[in-house]
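**Q** Below are the structure tokens for one structure; questions will follow.
The values are calculated or read from the model by the stated rules, or taken from the named source; none is laboratory data. Just so it is clear, the structure is predicted and the values come from calculations on it, not from any experiment. Cβ: placed from backbone, ideal geometry, glycine included. Neighbour counts: every protein chain shown. SASA here: full protein model, heavy atoms, side chains in, ligands and nucleic acids out. Shrake-Rupley method; radii C 1.70, N 1.55, O 1.52, S 1.80 Å.
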Amino acid sequence: DQQVKQNSPSLSVQEGRISILNCDYTNSMFDYFLWYKKYPAEGPTFLISISSIKDKNEDGRFTVFLNKSAKHLSLHIVPSQPGDSAVYFCAASGGMQGKSTFGDGTTLTVKP
Amino acid sequence: NAGVMQNPRHLVRRRGQEARLRCSPMKGHSHVYWYRQLPEEGLKFMVYLQKENIIDESGMPKERFSAEFPKEGPSILRIQQVVRGDSAAYFCASSPWPGTYEQFFGPGTRLTVL
């Protein structure tokens, strides 16, 4: 039973346009959500996060939206740049132990 | 300011051998997490350790896998009698204190079992 799902394995957008990556979760105990970015042959790098008490968090070109009633979050990147091309993982956490449950990732390709 | 270090980066083992994966967390971090990524899948939690203690090993296979984080030295993930299904990328992450959800990941160890 996959508790965090990223239903789109891949996404391709044009440079300068908006990229929207989606993530759904099933466990109501999750109260903190994160996005990580991963380049080939490297470990994931933390990008942005959101607590369940908020519905939006913004950091530069990156904005994460949380819809708790729908158990859905999304990452918006605007404007998209070729250097944003990577695999993006959605992760969810809850409780005090800090372990994260990851989705399977979405490969974003930004075309120049 | 060194990040999380893992070695070796690549490890090849024959079926039945032992694999030892090492992880040195970021300076000042005393919480270590191990994740495994199978091809075309996301990262799956394996184990959470603090210095000298295993806090949560709910993601560890019951047999052949063990982990430790001694008072001195790196954290070790040990896989005994490896099988082909153990081939994966193993990532270590660290954080400075409990309840910190943002984790800093190492570059991973890619294990190949022949």
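**Q** How many nm is it between the label spots at B:Ser66 and B:Lys27, if each spot is 7 Å from the Cα in line with the beta carbon?
**A** Spacing of the two 7 Å Cα→Cβ label points: 3.3 nm.
**Q** Pop out the carbon and sulfur fraction of the accessible area of region B:54-108 as a percent, whole number, probe 1.4 Å.
**A** 51 percent
**Q** A follow-up question, please. Once the other residues with Cβ under 14 Å from the Cβ of A:Gly83 are scored (Lys, Arg +1; Asp, Glu -1), what is the net sum?
**A** +1
**Q** Gap in Å between the Cα centre of region A:73-95 and the Cα centre of region A:26-40?
**A** Between the Cα centre of region A:26-40 and that of region A:73-95, the gap is 10 Å.
**Q** Multiply the residue separation of A:Lys111 and A:Lys5 by 0.36 nm, subtract the distance between their alpha-carbon atoms, and state the gained length in nm to one decimal.
**A** 35.6 nm
**Q** Report, to the nearest whole %, how much of the accessible area of chain A belongs to carbon and sulfur atoms, 1.4 Å probe, protein only.
**A** Carbon plus sulfur share of accessible area: 51 percent.
**Q** Report the number of Lys pairs in chain B whose alpha-carbons are under 20 Å apart, with separation of 8 or more residues or on distinct chains.
**A** Within chain B, the lysine pair count is 4.
**Q** Given bins 5 angstrom wide, list per bin the percent of all Cα-Cα distances in chain A, short to long.
**A** Calculated P(r), rounded to whole percents: 2, 13, 24, 25, 20, 10, 4, 1, 0.
**Q** Summing both sides, how much accessible area is buried between B and A? Use a 1.4 Å probe and give Å² to the nearest 100.
**A** 1800 Å²
**Q** Assuming a ≥ b ≥ c are the square roots of the Cα gyration tensor eigenvalues, decide whether chain B counts as rounded (a/c under 1.5), prolate (otherwise, with a/b larger than b/c) or oblate.
**A** prolate
**Q** For chain A, what is the accessible area per residue in Å², given a 1.4 Å probe and the full set of protein chains?
**A** 48 Å²
**Q** Could you sort B:Met26, B:Met46, A:Met29 by accessible area so the largest value comes first, with the probe set to 1.4 Å?
**A** So the residues, ranked largest to smallest area, are A:Met29, B:Met26, B:Met46.
**Q** State the number of lysine pairs found in region A:5-112 whose Cα atoms come within less than 27 Å, restricting to pairs 8 or more positions apart or on distinct chains.
**A** The result is 28.
**Q** A further question on this structure: Can you tell me, using C-alpha contacts under 8 Å and at least 6 residues apart, the relative contact order of chain A as a whole percent?
**A** It rounds to 37 percent for chain A.
**Q** Follow-up question, since we're still on this one. Mind putting a number on the dipole of chain A about its Cα centre? Charges go on the C-beta only, +1 for Lys and Arg and -1 for Asp and Glu, and I need it in Debye to the nearest 20.
**A** Approximately 80 debye in magnitude.
**Q** Need the per-residue list for region A:9-47: every residue with at least 40 Å² less accessible surface in the complex of protein chains than in the chain by itself, probe 1.4 Å, sorted by number.
**A** Residues meeting the cut-off: A:Tyr32, A:Tyr36, A:Pro44.
**Q** While we're on this one: Roll a 1.4 Å probe over the protein chains and send me the accessible area per residue for chain B in Å².
**A** On a per-residue basis, 51 Å².
**Q** Just counting partner chain Cβ atoms within 10 Å, what average do the residues of peptide B:39-45 show around their Cβ?
**A** 6
**Q** To continue, here is another question. For the protein assembly as shown, what proportion of DSSP beta bridges, expressed in % and rounded to the nearest 5, is antiparallel?
**A** That works out to approximately 90 percent antiparallel.
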